[in-house]
Every structure is written in structure tokens, then in C-alpha cells.
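The values are calculated or read from the model by the stated rules, or taken from the named source; none is laboratory data. Keep in mind the model is a prediction, meaning the values are calculated, not measured. We place every Cβ from the backbone using ideal geometry, glycine too, and count neighbours over all the protein chains shown. Remember, those area values only see protein heavy atoms, side chains included, never the ligands or the DNA or RNA. Shrake-Rupley method; radii C 1.70, N 1.55, O 1.52, S 1.80 Å.
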Amino acid sequence: MMLIDYKNVQISHDENTILTNVDFHAEEGEFIYIIGKVGSGKSSLLKTIYCELDIDSADKAEALGRDLMTLKRKEIPALRREMGVIFQDFQLLHDRSVEKNLQFVLRATGWRNKKDINERIDEVLNDVGMTDKKQKMPHELSGGEQQRVAIARAILNKPKMIIADEPTGNLDPETASNIVGLLKQISMSGTAVVMSTHNIPMLDKYPGIVYRCKEQSIIDVTNDFSSLNLSEDYDDDEAPTENLDLLDPLYE
């Protein structure tokens, strides 16, 4: 089943063209990476999917069966309830425990039965290996643990698709690998995962479909990303400082 179907989509921000002639697709269970330098349009593309950013024009722009060009503002919450969104900075509510963070989301999306709420929270925390952290406050958790809670939050309503914007950007390499592995596992259960990333080694460790944003375009480079000189996608102050010999030419 096609979950995202973009054909000849144009995306701008503050009257500046970000991406043009975008053809982008996602189906059930697919694991999709979007790579590219900072400012190349990765986040902007993701924002159009959950309607944080409008699409300028398109021959076709559909997400979860909705036409994004005609979708009304009042219809956006229903669309977002069918997808999970994960951010680089976790965006947990810091004044309440892990359990209450998850309760808040379920109640906000229409769950009322206390037993059902508690059972679903236990299920998702078990899925992400965080059962023993249910009563912890976010500041008591490591970055990786906070991101696991963010993933738990994203899968609460059994979404058809997860959108993850640089979910490993604030994590050390080992923790980042564990997070990507968890997202890969989720995709194998049928939920599509669309993830922007600079973490190029993950593309080999957890294979998926790879799109690259560059020069206002996005292209599918799944079959040849390993032969590309992705180092050109970095400005000098953005390049990673660790293990460059291991990553070259597969870093970005």
C-alpha cells in the first residue's frame, strides 16, 4: 500500500525554493533514509508530510490517502494521529514522568479507558526496552533513553508511518546504532519509517531505500550511494571528527 506519493512537488520556505520536481514514495514496511547536507531540504520535505510546511505545487502530493494540496487545517490532526513523528531533541514534557508523558498523548488522542491506557503504555515501553524507566523523569534519562521514550510515544497509536528527523543527531555512535536498529525492527512489523540522517555508516548496517537531497533536488541513490563522494555534502565545520578513515567516502 502506498503511504506517500509525491510527483513533481515543489517546496519553498520564506519565498526561497528548497526542493523542486520532487518524486518521492513510501510503502508499508519500507525503511527509507534521506541524506544530504544541512540546508539541502531534508527537514523541509519531512515537514510537508505532517503538514508543518505547505507544498507550493504538485502533480500529486498524497500522504496516508489524503491529498495534501486540498487538505483542510481541521483535518490535519486526524492525519497526524496516523503517523508518529520523532525529533532530534526528543521533545518530551520535562515536568512529568515517562508514564505521564505517554498518558498525555493517549488521552489527547481520544483514549479514555484507564486499563487500556496502562496496558498500551506497558506494551510500547517493553517494545523499546524501557519498562524499568516508567516512573523516571526525562532529566533522569540518558539521551538514548529519552529517544527510546520518544519512539515509544511515536508508536503509541500503532501508526502506519514514522517520520524521524535526525533521530540520532544528539547521540553517541553506539547509542545511535541501537536507535536505528530499533526503528529498523519497527519497519519490519509493517510500519514505514522515513528518516533523515547524517549517520552514513548506518546505511550499510541497516539497509534501506536511500534518497539524497542536493541542489534543490532529491534522487533515489539506493543502488549507488556507496560509490558517491558524500564528503562534498559537508561544510568544513560540519564534517565528523571521529573515524574519518572508516567512513570515507561514506560520510556526510
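What about Leu79, is it surrounded by 14 or more Cβ atoms within 10 Å (Cβ to Cβ), over 23 Å from Ala192 (Cβ atoms) and within 20 Å of the chain's Cα centre (by Cα)? Explain how you work it out, then say what you get.
Working: surrounded by 14 or more Cβ atoms within 10 Å (Cβ to Cβ): yes; over 23 Å from Ala192 (Cβ atoms): no; within 20 Å of the chain's Cα centre (by Cα): yes.
So Leu79 does not fit the description; no.
Okay, residues lined up against (1) at pLDDT 95 or above; (2) surrounded by fewer than 16 Cβ atoms within 10 Å (Cβ to Cβ); (3) assigned to a loop (DSSP other than H, G, I, E, B); (4) out of contact with any Asp or Glu (no Cβ under 6 Å at 6 or more places or on another chain):
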position	(1), (2), (3), (4)
Lys7	yes, yes, no, no
Asp23	yes, no, no, yes
Lys37	no, no, yes, no
Thr48	yes, no, no, yes
Ile55	yes, no, yes, yes
Leu71	yes, no, yes, yes
Glu75	yes, yes, no, yes
Phe90	no, no, yes, yes
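Scan (1) touching an Asp or Glu at 6+ places or on another chain (Cβ under 9 Å); (2) closer than 30 Å to Asp172 by Cα; (3) open to solvent by 30 Å² or more (accessible area, probe 1.4 Å) for the single condition Glu30 breaks and write down its number.
Only one criterion is unmet by Glu30, namely (1).
Of the conditions (1) in contact with a Cys (Cβ under 6 Å, 6 or more places away or on another chain); (2) more than 20 Å from Ile209 (Cα to Cα), Gly36 clears all except one; give me its number.
(2)
Condition first: in a strand (DSSP E or B) and over 18 Å from Val194 (Cα atoms). Now tell me which residues in the stretch 57-68 satisfy that.
Correct list: Ser57, Lys60, Asp67.
Find the helices (runs of 4 or more DSSP H) located wholly in the stretch 167-252 whose residues include 3 or more that are crowded, with 22+ Cβ neighbours inside 10 Å and at pLDDT 90 or above, and list them.
173-187
Determine which single condition Lys136 fails, assuming it passes every other condition in (1) in contact with a helix residue (DSSP H, G or I) (Cβ under 6 Å, 6 or more places away or on another chain); (2) open to solvent by less than 70 Å² (accessible area, probe 1.4 Å); (3) modelled with pLDDT of 95 or more.
The single condition Lys136 does not satisfy is (2).
Checking Leu141 against (1) at negative phi; (2) under 15 Å from the mean Cα position of the chain (by Cα), which test does it fail?
Unmet condition: (2).
Check Gly129 against each of (1) part of a loop (DSSP other than H, G, I, E, B); (2) farther than 30 Å from Asp172 by Cβ and name the one condition it does not meet.
Of everything listed in (1) part of a loop (DSSP other than H, G, I, E, B); (2) farther than 30 Å from Asp172 by Cβ, Gly129 misses just condition (2).
So if I check each of Glu123, Glu119, which one is surrounded by 12 or more Cβ atoms within 10 Å (Cβ to Cβ) and either in a helix (DSSP H, G or I) or without any contact (Cβ under 8 Å) to a residue 12 or more places away in the chain (or both)? Reasoning before the result, please.
Values: Glu119 fails: surrounded by 12 or more Cβ atoms within 10 Å (Cβ to Cβ).
None of the other options fit; the residue is Glu123.
Results for (1) within 27 Å of Asp172 (Cα to Cα); (2) touching a Lys or Arg at 6+ places or on another chain (Cβ under 9 Å), shown as yes or no for each residue.
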| position | (1), (2) |
| --- | --- |
| Lys60 | no, yes |
| Gly65 | no, no |
| Leu68 | no, no |
| Arg73 | no, no |
| Leu79 | no, yes |
| Gly110 | no, yes |
| Leu125 | yes, yes |
